[in-house]
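The values are calculated or read from the model by the stated rules, or taken from the named source; none is laboratory data. Here the structure is a predicted model, which means the values were calculated and not measured. In this analysis, Cβ positions are derived from the backbone assuming ideal geometry, glycine residues included, and neighbour counts consider all displayed protein chains. Keep in mind that these areas ignore ligands, DNA and RNA; they rest on the heavy atoms of the full protein, side chains included. Shrake-Rupley method; radii C 1.70, N 1.55, O 1.52, S 1.80 Å.
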Amino acid sequence: MKYKKLNLKTPVEDLYMVGEAYAQRLKRLGINNVWDFLYHFPFRYNDYSLVSPIASLQRGETVTLKGTIVTCQNSYTKSGKRIQKAVLKDSSGQIEAIWFNQPFIVNILRPGVEIFLAGKVDYFGSRLTFVSPEYELLKAKGSPLHAGRLVPVYRETAKLSSKWLRSRISPLIKLSIPDFLPEGVRKKENLIDLSRALKQIHFPQNREEILSARKRLSFDELFLVQLNVAQRKKKWQHNQLTYPLKGYYKEIKGFISALPFKLTTAQNRVVKEILSDLRKEKPMNRLLEGDVGSGKTVVAAIGVYLCFLNGWQAILMAPTEILAQQHLKTLKSLFKDKVFRGRKLRIGFQSGRKKKIPRGDQFDLLIGTHALIYESKVLKKLSLAIIDEQHRFGVEQRTKLIKRGLTPHILTMTATPIPRTIALTLYGDLKLSVIDEMPPQRKKVKTWVVPVEKRMDAYIWIEKLLKKEKAQAFIVCPLIDESESEVLKLVKSVKIEFKRLSKDVFPDLKLGLLHGQLKGNKKDQIIKKFSQGKLDILVSTPVVEVGIDIPRAILMVIEASDRFGLAQLHQLRGRVGRSKKQSYCLLFASQKDKESLKRLNAMQKYNSGFKLAEIDLKIRGPGEVYGLKQHGFGQLKIASLMDIDTIKKAKVWAEKLINRISKYPTLQRELKNYKIKFVESN
Ligand code: ADP
Ligand code: MG
C-alpha cells in the first residue's frame, strides 16, 4: 500500500525499512531520494543463475544451490572465533556452509527451511564447503534477489551492503516512471522504455537484458549532456554582435609577415579559422587547443590586432599574475611600433593589486588575470575576450559576458590535449581549433627514467650540467591527491627534500622552495628570482604554472613520477625545452609496477601531448586523464566518453529537439533536474 504514494522525489527517510542511521549512510553514497536510489547502478553482477545439484560441485566453482536446512548451529573454531555452521541437502547430496560471527543466522536458517545459497565452494579443512555464502529464503512468490540469478553488486559504504541495497531497490523498480524520452526517438534508436531499463539494470533476467538497459541509460545520459550543450549554444548565438569586424586582409598579412618567425602550417590554419569567425556577425565561441610551446600566444595576438584595426578593444586573461606579466612582455614586443592611421596599439595591464581598472578608451588591449572578467563591464568597446589556460572552458565566463548588451567574441586557449570526440561531447557548443604541430627547430626534451641505484650519479651529472651550461633546473615533488591533509603532507615532504638537497646534495648551488602554502606575494617573488637567474634550482610542488617561460631552465627532475598521469608529466616537462639548448627531463620513480613503467617509457619515447594523452586514455580512462571533474563536469554514471557512435546520435537528436523542447514537458523537466544535479553541483 505504502508504495502507492511513492514518487521519484520521495526522500529515503520515508521508505520502508530505512531508518535514520541508514538514511545517513545512503547520503554518503549520494542517495537522497527514490530517483537517486534507482540511478545507483550496479557496477557488476555475480552470476548465480545456474542452480547446481550438490553432488556435482567442484572446488572453486561459483554456484547457487537450492536446498533444505538440515542443521544450523553456533560453534567455535580452535582459535576461539565464533562461527556458524549449517548443513544443507538436496535430492543429490549434502554440503556444509559456514559464516563468521553472525550468530543471528541460526534463528533464520532453522531446520526444514528451504533456501537459495550462492557463492564459491572451497575446501575448509578437508571438506568442500561454502564459506560466507549469500543466502535467501525461498518464497512462494516472486523471483529471488540474492541468489539463483544475475545478482547486482553495488558500490557500498561502511555498514551498507549490496544485499541491503538490493532489498531496498527491489520494491522501487515496480514504480511506474514517466518516460522523458520522446517516443519517436525511442523507436528510431531502438531503445527500451525507462521503467523497463531501470528494472533490467538492477534485476536482469539474462545478459541481453543488461545490454539493452545499458544501451537505453547510456543514451539518456549522453542525450541530456548534448541537450544541455545545445541549449547553451542557442543562448549564445542568440546574442548578436552589433558590429562585426571588418576584414583588413592586407594589414593582417603585413602583420604576419613582419613577425620574427614564420608561422607553422597549423598556426596559419587556426588563424584563418579564428579571423573568419571574428569577421562574422555572430559572436565567436572557440576553443584553441595546442601543446605547450606550440605557439598559441601569437595566434591570439593576430586576433587582437584585427580588433585594433577596427578600433575595438580586446582583453587577455591568464590564470596567474606571473603569466599575465609574461604575456604583457611578449605582446609588448609583438606590437612594438604598430601604428595604424596614426594610432598606436596601446596595452593596459591590470595587476591584481590594483583595485580599479582603467576605464574607457585608454587602451586597445587589456592584459590581466581571470578576475578581469568581472570588470569587463566597464569596457565599452570590448569585442574579443581571450582566456588563456582556462580549465572550465568559458561556461561561466560566457554568462558573465552575455549579460551585457553587446556580446564579445570569446577565444579560450588550453594546452590540455582533449580529443575531438570528448570535446564534441563536453564542449560541443564551442568550435574547436587545434595546433597539432610544433615550431621548427624545437629540440626534443631528452627524457630518461632513472633507476634508484643511479640517483647519486644523476645528482653529480645535474650539477655538472648546470655549471657547464649556466642553466637552471626544476625539481618537482608530486601532489598525490588534493585533499588538505595530502597538501600538508606534501608541503612537509617538499620542505624536507629542499633541506636535504641544499645541505647534502647541492651545497654549492642556490636553491629556492616553492609550494602552494606560500602567500601569493612570496610565491611571485620566488618565481621572479628564479626567472631572473638568481636561483639555480627551484624545488617545487606541481604549482609551477603551466606556460611559464624561463628559457634558461633546461632540466626538469620529477620525483615519484609514477604517481603522475601522463598528461601531467607532459605539462611539467613542457616547462623546459624553450630555448635553443638541449633540454632534459629525469624521471625518478618510487615503485615500478608494470603499468607505471609503461607510462614512464611512453614519456621517454614520445614528445607529443596528443600522443601521450591517447596512451594514457587507454591505460586510465577519460575521467582520470582529463581531470573532467576539475573541468566542471561530473562523472558519467553509465555512458562512456569513448562511445562515439552514441555520442553522435545523441548530438543529432539534441540539436533537432532543442527548438521544440516546450512540446515535451517531461523532457524539459528532466533537463532542468539534470542541470541541477549534474552541472551546477560541481
Ligand atoms: P604556448 O602555446 O604554450 O602558449 P607560446 O605561445 O608561449 O606557446 O610559444 C612558445 C614559444 O614559441 C614562444 O617563444 C614563441 O615566440 C615561439 N614561437 C611561436 N610560434 C613560432 C613559430 N611559428 N616559429 C618559431 N617560434 C615560434
Ligand atoms: Mg601559453
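Before moving on, here are some points about what is shown:
- Residue match in the range 257-269 (condition: more than 18 Å from Phe41 (Cβ to Cβ), modelled with pLDDT of 90 or more, within 16 Å of ligand 2 (Cβ to nearest atom) and touching a His at 6+ places or on another chain (Cβ under 9 Å)): no
- Qualifying positions in the range 285-319 - touching a Gly at 6+ places or on another chain (Cβ under 9 Å), more than 16 Å from ligand 2 (Cβ to nearest atom) and more than 17 Å from Leu331 (Cβ to Cβ): Asn285
- Residue match in the range 551-563 (condition: surrounded by fewer than 20 Cβ atoms within 10 Å (Cβ to Cβ) and either among the aromatic types (Phe, Trp, Tyr) or within 16 Å of ligand 1 (Cβ to nearest atom) (or both)): yes
- Put simply, of Arg166, Arg155 the only residue that is crowded, with 20+ Cβ neighbours inside 10 Å, in contact with a Pro (Cβ under 9 Å, 6 or more places away or on another chain), basic (Lys, Arg) and outside any strand (DSSP E or B) is Arg166.
- Residues of the range 365-402 satisfying the condition of being more than 16 Å from ligand 2 (Cβ to nearest atom), part of a loop (DSSP other than H, G, I, E, B), open to solvent by 10 Å² or more (accessible area, probe 1.4 Å) and modelled with pLDDT of 65 or more: Lys380, Lys381
- For the range 301-326, a tally of residues being assigned to a helix (DSSP H, G or I) and over 11 Å from Leu366 (Cα atoms) returns 13.
- Restricting the range 169-214 to residues that are of a type in the set (Lys, Arg) and touching a residue at least 60 places away in the same chain (Cβ under 8 Å), the residue that is most open to solvent (accessible area, probe 1.4 Å): Lys174
- Output for the range 567-610, where each listed residue is in a loop (DSSP other than H, G, I, E, B) and in contact (Cβ under 8 Å) with a residue 40 or more places away in the chain: Gly574, Arg575, Val576, Gly577, Arg578, Lys580, Lys581, Gln582, Ser583, Ala589, Asn607, Ser608
- The single condition from (1) modelled with pLDDT under 95; (2) out of contact with any Leu (no Cβ under 9 Å at 6 or more places or on another chain) that Arg286 fails is (2).
- Unique residue being charged (D, E, K, R), within 27 Å of the chain's Cα centre (by Cα) and more than 16 Å from ligand 1 (Cβ to nearest atom) when the list is Glu289, Glu321, Glu281: Glu321
- Scanning the range 298-338 for residues that are among the hydroxyl-bearing types (Ser, Thr, Tyr) and crowded, with 20+ Cβ neighbours inside 10 Å, we see that the one that is farthest from Leu372 (Cα to Cα) is Tyr305.
- Leu191 in a helix (DSSP H, G or I) and farther than 30 Å from Trp312 by Cα: no
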